[in-house]
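*Asks:* Got a structure here, written out as structure tokens. Questions coming.
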């Protein structure tokens, strides 16, 4: 029976990846910062170490990974963080350097498969090179692409490194609040909440876990996988939030073009810069992406990764219900 190390095994994505690995018959080990988000979170058969992986020495990490065939890198900072400027430096140190180090040590330990949990902004930074050429220069997409490249380079010649480019993800887990709470609070009590005319790809967290295991088994070195299931407009997503809040009769969601909202978005970026901070994707650029349909064809990855059909709308409703309940 093969053993897999999951970095971030008590986080949202790592938790479900751990459960999927166990379901497939793998042994799993992980390391987590104390305290655990909920008592009895992980099954007893999971080898859990409490501590900070990146506070360990190279020799300690190599020893930790010595009996593992695979590594799942389900950790890092996402675009919701608004760090001190320059954001590029923040994301470089939060996502790129730790990934490079762990990939280097994993290969030295004899690990054969390394899966990076990345972002679909890396995918669309490449797809939209003609439409939005500056998206790839934004701190967050820029460093997500670099994260992949350094991991690929470290795996060269001995370890197959693949990357998942993940869209909006829905589901719940014990002890953690869904990240969609921020959207719920933005819309709660509002009479008007505008939407831009674009849309986004969506998946369930179970599908992310299935994709991760599929990438480990079937992925080839340097492959990237942009996964998706349901494509939905921002208007329809916001309407689901409005309905979940019981504000159907009191909240309107007009669809506005980007030029209408651009001055407000640019003001947000200016205020952020004045405070000495910087978004990983500048608010004005977020607006430009949300004017487009960032859709992904499920058929591109479903079969090769073994992603099963899931009810994404039900997962959205479950996520929103937990956010509203608190």
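*Asks:* Over the Cα atoms of the stretch 145-188, how large are the radius of gyration and the largest Cα-Cα distance (Dmax), in Å?
*Replies:* For the stretch 145-188, the Cα radius of gyration and maximum Cα-Cα distance read 17.0, 52 Å.
*Asks:* So what's the stretch 7-59 giving for Rg/Rh, alpha carbon basis, Kirkwood Rh from the mean inverse pair distance? Mind showing how you got there, number by number?
*Replies:* Numbers: Rg = 11.2 Å, Rh = 11.5 Å.
Using only Cα positions, Rg/Rh for the stretch 7-59 is 0.97.
*Asks:* Something else now. How far apart, in nanometres, would the label points at residue 149 and residue 45 be if each is projected 7 angstrom from Cα along the Cα-to-Cβ direction?
*Replies:* 4.1
*Asks:* To the nearest 10 degrees, how steep is helix 205-218 against the longest Cα principal axis of the chain, on a 0 to 90 scale?
*Replies:* Computed tilt is about 40 degrees.
*Asks:* Which of the peptides 220-230, 129-139 is most tightly packed, and how do the rest follow, judged by the mean count of other Cβ atoms within 10 Å per residue?
*Replies:* Listed from highest to lowest mean packing, they are 220-230, 129-139.
*Asks:* What is the angle, in °, between the Cα long axis of helix 97-109 and the longest principal axis of the Cα atoms in the chain? Nearest 10 is fine, range 0 to 90.
*Replies:* Taking Cα atoms only, the helix is inclined about 20 degrees.
*Asks:* Moving on to the next point. If I take every Cα pair under 8 Å that is 6 or more residues apart in the chain, average their sequence separation and divide by the length, what percent do I get for the relative contact order?
*Replies:* 20
*Asks:* Please work out the Kirkwood hydrodynamic radius for the stretch 187-326, using every pair of different C-alpha atoms, and report it in angstroms with one decimal place.
*Replies:* Over the stretch 187-326, the inverse of the mean reciprocal pair distance is 17.3 Å.
*Asks:* To continue, here is another question. Computed FRET efficiency, Cβ-Cβ of residue 297 and residue 59, R0 41 Å: what is it to the nearest 0.05? Don't jump to the answer; show the numbers that get you there.
*Replies:* Details: r = 45 Å, r/R0 = 1.09.
About 0.35, to the nearest 0.05.
*Asks:* While we're on this one: State the dimensionless ratio Rg/Rh of the stretch 53-137 (Rg: radius of gyration of Cα atoms; Rh: Kirkwood radius).
*Replies:* 1.06
*Asks:* Which value, to two decimals, describes the C-alpha radius of gyration of the stretch 17-90 once divided by 2.2 N^0.38 Å?
*Replies:* In units of the 2.2 N^0.38 Å rule of thumb, it is 1.34.
*Asks:* From the helices alone, meaning DSSP H stretches of at least four residues, give me the mean residue ellipticity at 222 nm for the chain, per-run term -39500 (n - 2.57), in deg cm²/dmol to the nearest 500.
*Replies:* -12500 deg cm²/dmol
*Asks:* Calculate log10 I(q)/I(0) of the chain for q = 0.16 Å⁻¹, where I(q) comes from the Debye formula with a single equal point scatterer on each Cα and nothing for solvent.
*Replies:* -1.49
*Asks:* Given 5 Å bins starting at zero, what is the percent of C-alpha pairs of the stretch 120-259 in each, up to the one with the largest pair distance?
*Replies:* All Cα pairs considered, the percentages come to 2, 9, 14, 16, 18, 16, 12, 7, 4, 2, 1, 0.
*Asks:* Which residue, 112, 190, 302, has the most motion in a Gaussian network model of the chain that connects Cα atoms within less than 10 Å?
*Replies:* Of the options given, 190 has the highest mean-square fluctuation.
*Asks:* Also: Once both axes come from the Cα atoms, what is the angle between helix 12-23 and the longest principal axis of the chain, in degrees from 0 to 90, rounded to 10?
*Replies:* On a 0 to 90 degree scale, this one is about 50.
*Asks:* Convert 37 °C to kelvin, take the viscosity as 0.692 mPa s, use the Kirkwood radius over C-alpha pairs of the stretch 107-154 as Rh, and evaluate the Stokes-Einstein diffusion coefficient in µm²/s, rounded to a whole number.
*Replies:* 280
No lab work stands behind these numbers, since they all come straight from the coordinates. Worth saying up front: this structure is predicted, and the values here are computed from it rather than measured. Ideal geometry is used to build each Cβ from the backbone, glycine not excepted, and the neighbour counts take in all protein chains shown.
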